[in-house]
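The values are calculated or read from the model by the stated rules, or taken from the named source; none is laboratory data. It should be emphasised that the depicted structure is a prediction, and the values quoted were computed from it without experimental measurement. Cβ placement follows ideal geometry from the backbone for every residue including glycine, while neighbour counts extend to all protein chains displayed. The area values use the complete protein model at the heavy-atom level, side chains included, leaving out ligands, DNA and RNA. Shrake-Rupley method; radii C 1.70, N 1.55, O 1.52, S 1.80 Å.
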Amino acid sequence: MKYYIPDCFWPVKDQGEYLGHEAISILNTNPEPVQVRMTLYFEDRDKLEGFVLEVPAERTIHFHTYKLKNQDGESIPRGVGYAAVLECGSPVTVQYARVDVTQPELAIATTMAATLPE
């Protein structure tokens with residue numbers, strides 16, 4: 001299964017004590033754990049691979065992007081728009097959320113990841 005999130009962004013600027021908040025939430029209702037591989041795509045640079053997310057059986061996990069590192073220790077860059085593709089062997093539910101903390105009036109954007117027929 002592949003899940004697509006075409007509009008991701010972690011802003012450089014934070015608002016006071018509020019860190020820029022970006023999260024990928026995954027719900028695994030399967031009776032076994034699921035390993036999710038994530039690849040990032042950019043407008044002006046090569047893709048960034050090697051992010052592996054583990055979701056226990058019958059659990060939900062909220063991966064905050066500022067904590068994620070790939071297998072080479074690379075982080076998701078701030079201030080750069082990107083798209084994410086998540087791949088796993090079992091069906092899960094994927095949601096993306098972003099809290100805009102670049103202004104005093106906080107705003108949240110959220111969307112379900114798209115899937116395409118293979």
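Do you know which residues across region 81-92 are in contact with a Phe, Trp or Tyr (Cβ under 9 Å, 6 or more places away or on another chain) and surrounded by fewer than 15 Cβ atoms within 10 Å (Cβ to Cβ)?
The answer is Gly81, Glu87.
Where in region 1-95 are the strands (runs of 3 or more DSSP E), entirely inside, with at least 2 residues that are at pLDDT 95 or above, aromatic (Phe, Trp, Tyr) and under 26 Å from Leu116 (Cβ atoms)?
Hits in region 1-95: 2-8, 34-42.
Please identify the pairs in which a residue from region 28-40 that is on the phi < 0 side of the Ramachandran plot and touching a residue at least 60 places away in the same chain (Cβ under 8 Å) has its Cβ atom under 7 Å from the Cβ atom of a residue that is assigned to a strand (DSSP E or B) and open to solvent by less than 90 Å² (accessible area, probe 1.4 Å), counting only partners at least 6 apart or on another chain.
Going by the 7 Å Cβ cut-off, the qualifying pairs are Asn28/Val34; Asn28/Val55.
Of the residues Glu49, Glu54, Glu22, Glu58, which is out of contact with any Gly (no Cβ under 8 Å at 6 or more places or on another chain), acidic (Asp, Glu) and in contact (Cβ under 8 Å) with a residue 40 or more places away in the chain?
So the residue among Glu49, Glu54, Glu22, Glu58 that is out of contact with any Gly (no Cβ under 8 Å at 6 or more places or on another chain), acidic (Asp, Glu) and in contact (Cβ under 8 Å) with a residue 40 or more places away in the chain is Glu22.
Pairs under 7 Å by beta carbon, first residue under 16 Å from Arg78 (Cα atoms) and basic (Lys, Arg) in region 94-109, partner outside any strand (DSSP E or B) and at pLDDT 75 or above, six or more apart or different chains?
Matching pairs, first to second residue: Arg98/Phe9.
Yes or no: Leu106 loosely packed, with under 15 Cβ neighbours inside 10 Å, out of contact with any helix residue (DSSP H, G or I) (no Cβ under 9 Å at 6 or more places or on another chain) and under 17 Å from Trp10 (Cβ atoms)?
Spelling it out, Leu106 is indeed loosely packed, with under 15 Cβ neighbours inside 10 Å, out of contact with any helix residue (DSSP H, G or I) (no Cβ under 9 Å at 6 or more places or on another chain) and under 17 Å from Trp10 (Cβ atoms).
Condition test on Thr111, is it touching a Leu at 6+ places or on another chain (Cβ under 6 Å), of a type in the set (S, T, N, Q) and modelled with pLDDT of 85 or more?
Considered against the rule, which asks whether it is touching a Leu at 6+ places or on another chain (Cβ under 6 Å), of a type in the set (S, T, N, Q) and modelled with pLDDT of 85 or more, Thr111 comes out as no.
If Arg37 satisfies every condition in (1) of a type outside the set (Phe, Trp, Tyr); (2) open to solvent by less than 70 Å² (accessible area, probe 1.4 Å); (3) within 18 Å of Pro6 (Cβ to Cβ) but one, which is the exception?
For Arg37, the failing item is (2).
For the subset of region 93-103 comprising residues that are buried (at least 16 other Cβ atoms within 10 Å of the Cβ) and among the β-branched types (Val, Ile, Thr), which member is farthest from the chain's Cα centre (by Cα)?
Only one residue tops the list, namely Val101.
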